[in-house]
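What follows is a single structure, written as structure tokens, with notes after it.
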Amino acid sequence: MKKIVCCILIAVLGLCCAQAEGSDWTCASCGQTGNTGNFCFNCGAARPAESWTCASCGKTDNTGNYCSNCGAARSVQGTVNPCLEQIPGEANRVKVLIADVSASSYLQKASDPLIWQPANAADGDESTCWQFSSKAKGTLGNTWLALDIGSAQTVDALWFKNGFWAYSTSGSDQYVINARPKGIRAEFLYNGSASYADPVELTLQDDKARTGWQRFDVGHHENVIGVRLWVLSSYKGSKYENDVCLSEVMLVQNAPAATALQPQATNVPTVYGSSSNAASAKLKMRLSTRSGPGTQYSETGSYFNDNWQTVTVQVLAKEWDSYNDIWWVLVDFTAEGARHRVWTGQKRVDVNVDSLREYYSSGQGTVSATDTRQGPGSNYAKGPRITHWEDVVAYGRENGYVEVEYYSDDYNTVYRAWVPEGVASID
């Protein structure tokens, strides 16, 4: 369906462009007026190219399809390429839409055969992944993932979210326990050709912090209808050392955002907080906590009142408290038979705050009535129940839960809590 819609829109846009070219022009060579085609019907001189201004760098008097200063594609006012989509926050890079994904192999689970299917690598959801086994002799170097664009487009870069960006229901970090691709060979299929060409070899980083896309410029490739990725080597998983996972890959074109469709709604970015990428820290006093970074948030308890000198917690992030001009830190620990992920003042934890990433909101929306948790899982302590529909600000998604902030009229205070994804509608 995407291919059909894309082709129809391209045909329509082409017709519009053809009609624009039919406007009258005067020949600079012989002075003939009323020309409508690409050549003067009196002397045969070519129609002069109309100049345009680049939306990316401001260069004027461009006449070709690409800016002579920065190389950005020409944007035709009022039209977009229906096979491109804007990337939030990017002014001069757009996403090339993928029509189909296939692979030489993938792991299948008896209860859910499609759980590791190739399409997961380009579904816009980082909590799913394509997964295959490298256990069989010679599998690495012979396993590929193919991305079918569906129509000829330009590809300038490949972006990856390496490994498996998810947590199990028990809170286990799926990234470190599974294997991740290391060496990748990318090759391109051009319109009119039956063979892939122009191989480019890349080395993906073992990014345990997972703060964003790994970006690789691969050169300017025009008229591309498909990209194939060969997995040449991998980083071993701590538990499943041969189960190789890739969460997301994106084909990127260097072009102004105005040339692309508006971005589709996506899941709230995941906030990661396992011990693999958190800072372990001793306490400096008992742990007094809140659901958010400030005294305006609900209290969530006081812990380790008598034995704080022997306690180590995991510190995940920091956020500035503008009410009191201090840093608060997000800590994860187990106490009183449950796991907790809550906020405490920096002074209570022996950690270098400069080494911590800063916490930000990532969306807004609504949630319906639901039970809440202090962290992304049923193993975390229970939070207050949301008794009716609430407007919320989102802070992250992890393990099937969304972290939200809301003001409770019932209790006249501000809460942060984790709710099941199914009850949340986030933009």
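The values are calculated or read from the model by the stated rules, or taken from the named source; none is laboratory data. The shown structure was predicted, so the numbers you read here are calculated from the model rather than taken from an experiment. Quick reminder, even Gly has a Cβ in these numbers, built from the backbone with ideal geometry, and neighbours come from all protein chains shown. These area figures cover heavy atoms from the full protein model, side chains too; ligands, DNA and RNA do not enter into them. Shrake-Rupley method; radii C 1.70, N 1.55, O 1.52, S 1.80 Å.
Provide the FRET efficiency to the nearest 0.05 for the Leu114-Trp320 pair, computing r from the beta carbons and using R0 = 51 Å. Don't jump to the answer; show the numbers that get you there.
Working: r = 43 Å, r/R0 = 0.85.
Step by step, r from the Cβ atoms, then E = 0.70.
Local charge for Val351 was computed over the other residues whose Cβ lies under 13 Å away, with Lys and Arg +1 and Asp and Glu -1, and equals +3. Over the stretch 186-265, the alpha carbon radius of gyration divided by the compact-protein estimate 2.2 N^0.38 Å works out to 1.35. Extending 7 Å from Cα along the Cβ direction at Gln309 and again at Asp148 yields two label points whose distance is 6.8 nm.
Using only alpha carbon positions, build the gyration tensor of the stretch 117-210, then give the equivalent ellipsoid semi-axes as the square roots of 5 times its eigenvalues, largest first, whole angstrom.
Sorted largest first and rounded, they come to 27, 16, 13 Å.
For the stretch 306-357, the average shadow cast by the Cα convex hull is 4.2 nm², which is a quarter of the hull's surface. Near the amide H of Gly396, within less than 5 Å, lie the amide hydrogens of Glu403, all on another chain or at least 5 residues away, with H placed in the peptide plane.
Quick check: with the 1.4 Å probe, what order do Arg210, Arg47 take by accessible area, largest first?
Numbers: Arg210 10, Arg47 45 Å².
Output order, biggest surface exposure first: Arg47, Arg210.
The alpha-carbon of Lys347 sits under 16 angstrom from the alpha-carbons of these lysines, leaving out residues fewer than 8 places away in its chain: Lys282, Lys284, Lys318.
Put Met250, Met285 in order of accessible area, largest first, 1.4 Å probe: what do you get?
Numbers: Met250 20, Met285 60 Å².
Per-residue accessible area, sorted high to low, gives Met285, Met250.
Which value, in Å² rounded to 10, gives the accessible area of Ser288 with a 1.4 Å probe and all protein chains present? Solvent-accessible area, nearest 10 Å²: 40 Å². Annotation: Ile87 carries an accessible surface of approximately 20 Å², with a 1.4 Å probe and no ligand, DNA or RNA atoms counted. Translational diffusion coefficient, Stokes-Einstein: compute it for the stretch 287-427 using the Kirkwood radius over C-alpha pairs as Rh, at 25 °C and 0.890 mPa s, and state it as an integer in µm² s⁻¹. For these conditions, the coefficient is 160 µm²/s.
Residue ranking by accessible heavy-atom surface, 1.4 Å probe, largest first, among Phe39, Phe216, Phe333 comes out as Phe39, Phe216, Phe333.
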